[in-house]
Structure formats: structure tokens, C-alpha cells
Amino acid sequence: MAAALPAFLAEAIFYLGSIFAATRERFSHLPSRQLQGLVLWISALFPYLIFASLAGTLQRNAIEVLAFLTGVLAFWYVLLPRRPAYDIGFLLVAAAPMILRVFPRLYVSPDPRPQIDVLGHLMWIRLGIVALLIFREWNPGEFGLWPKAREWRVGFACYAAALIPLASLAVFLRDLRFAPMQGEWWQVTGIAIATFFGVLWVLALGEELFFRGVIERAFLIEWRSRWFAILLSALLFGTAHLWYHQFPNWQRGLVAAVLGIACGVAYAQSNSVRAPMVTHALVVTTGKLLFR
């Protein structure tokens, strides 16, 4: 923990900076794109080096792999033009380490608690956010940590509409089984609140930015068909979950695709990444509390 805390604190500062528009604006005023990419690249390696140095797990091959991956993502739009073909390449590069579970092999801890690879996931989401919003100058719609009142309403309405179909499908496919969490009411409530906001601000923020704010929005712009964009982005979202635990986990892929439809509808109705973040976080929290 003595090694993890300063590393997570450094990453938390960088992560929040990538989300707040004012910080991104200041970062974009650095003299050149090359300097911006270099600063972003160094910031990606910094939290890992803090933890690995203090924990005594510094490995040369891990540093080399991490430097290569982060360098590619940080300099993608610095060196390459903003065209659809390169956008697809960027999304493939962004997805590959998550699907292949690279970070658990790079972020090695002498103690399995806490899961230090979360540090890598936070860093990777942050790199993607900065590269898309600053270097690519992509507009994903409304974006940020705290949903507006209408976004809460839209997100909750889509969650309520999707809950029974999602739960029924997950149980039918034996992806989940009904097993409510046991414990005192205050413990369960605390876990529910912590899970919701943890998912909202990390998992849902990153996934909804890419699948709704980038992919669905691109389809909406290109084909101007709301349902085509929703269904195709949901299909890709489900496909990304085929690697969950084991490949091919088609049960989780189908369940994730249905969740993708609900989140896609929330995004289309609100033109905001925050609305599907709410739907996503509520579904995952319900799953953690009521199913195993």
C-alpha cells in the first residue's frame, strides 16, 4: 500500500485532469502537438514507475512493452492524419491491451491486494480520452463526471426498461445466477454506492466514451440512421466482451450487446455520454448486488 497509494494519487490527478474541460484546454495550449504527445507519454509511465520502484517489481521488459503501447496511443493522432481509416486503427489499438489482458502481466504486485492492474486501466482510459478529445478534436457530445438532471432521468429510464430483459437473458444463458448479497443493510448500501460511482467514473466513462461517444456517433453522422448506429455499436460492444474471463464467452457477449442497446438509446436520446454512463453503472451495480 505504501507503493500503491502515491502511484494511484498521481494517476488520479492525471485522470481527473483529462476529464475536466478546463485542464484539457490548458494542456492544448502547449506549444506543439509533439510536446503535448511527449508530456502525455511521460505521464502514462510515471505512475507505473512510482509503484514498481517502491514495490521492488520494476522489470525491464514490462517498461519496454508499456513504453511502446503508451507511445503508440499518445502519438497516434500527433503523427497520423485525422481520417476514418486511422480512427478505426486507433480504436483497435485502444481495445487490444484490454481484450488481451496485458495490464495484469505488466503491473506486477508482491501482494495480490489491491489489484494494481487497475492503475494501468485508468492510465489507458486517460490516454484515449486525451488523444480523442484534444489531438483528434472529436466531439463525443456532452461529457464529464456528473450527469445533469435530464441525463439522470434518461439513464435511469433506459436502465428500468432494460433490467428485466437483461436479467432474464443472463439467467437463461447461465451467465449469472440469482444470489443477493448478504450482510447488514448499511454494509450492502455502502457497497452499492461505492460500486455505482466506481463504475460510473471509471468503467462506464471509458467504455461509453468509446462505444457511444465515438462509434455510435460516427455511425450517426455517416448514415444518419439512429437505430442502425445503436445496433451496430451494441454489436461491437458485445463482441468486445467475448474475451471476458475466457474466449469465446458468447453468453456475456450477448448480455453485453443488450446492455449496449440500452446505453445506445440513452445516448441517442440525450446526445450525452453521461446518460449511458448512468444506465451502465446501474446495471453493473444491480448485477453485483443481486447476481453471481
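The values are calculated or read from the model by the stated rules, or taken from the named source; none is laboratory data. Since the structure is predicted, the reported quantities are computational estimates derived from the model, not experimental observations. Cβ coordinates were reconstructed from backbone atoms using ideal geometry, including for glycine residues, and neighbour counts include every protein chain displayed.
With the structure loaded, tell me whether residue 216 is outside the structural domain of residue 96 (by TED's automatic domain parsing), of a type in the set (D, E, K, R), assigned to a helix (DSSP H, G or I) and under 29 Å from residue 11 (Cα atoms) or whether it fails that test. Against the criterion (outside the structural domain of residue 96 (by TED's automatic domain parsing), of a type in the set (D, E, K, R), assigned to a helix (DSSP H, G or I) and under 29 Å from residue 11 (Cα atoms)), residue 216 qualifies.
Out of 203, 236, report the one residue that is within 16 Å of residue 143 (Cα to Cα), outside the structural domain of residue 129 (by TED's automatic domain parsing), modelled with pLDDT under 95 and surrounded by fewer than 21 Cβ atoms within 10 Å (Cβ to Cβ).
203
Scanning the range 161-168 finds one or more residues that are farther than 23 Å from residue 275 by Cβ and out of contact with any helix residue (DSSP H, G or I) (no Cβ under 6 Å at 6 or more places or on another chain). Residue pairs whose Cβ atoms lie under 8 Å apart, separated by 6 or more positions or on different chains, with the first residue in the range 142-158 and at negative phi and the second of a type in the set (Phe, Trp, Tyr) and in a helix (DSSP H, G or I), are 145/201.
Of all residues in the range 146-168, how many are buried (at least 18 other Cβ atoms within 10 Å of the Cβ) and assigned to a helix (DSSP H, G or I)?
Adding up the residues that qualify gives 8.
Looking across the range 25-75, the residues that are among the β-branched types (Val, Ile, Thr) and surrounded by fewer than 20 Cβ atoms within 10 Å (Cβ to Cβ) come down to 39, 42, 57, 63, 65, 72.
Starting from the range 16-32, keep only residues that are of a type in the set (Val, Ile, Thr), then list their pairs with residues that are part of a helix (DSSP H, G or I) whose Cβ atoms are within a distance under 6 Å, requiring at least 6 positions of separation or different chains. Every condition considered, the pairs that remain are 23/17.
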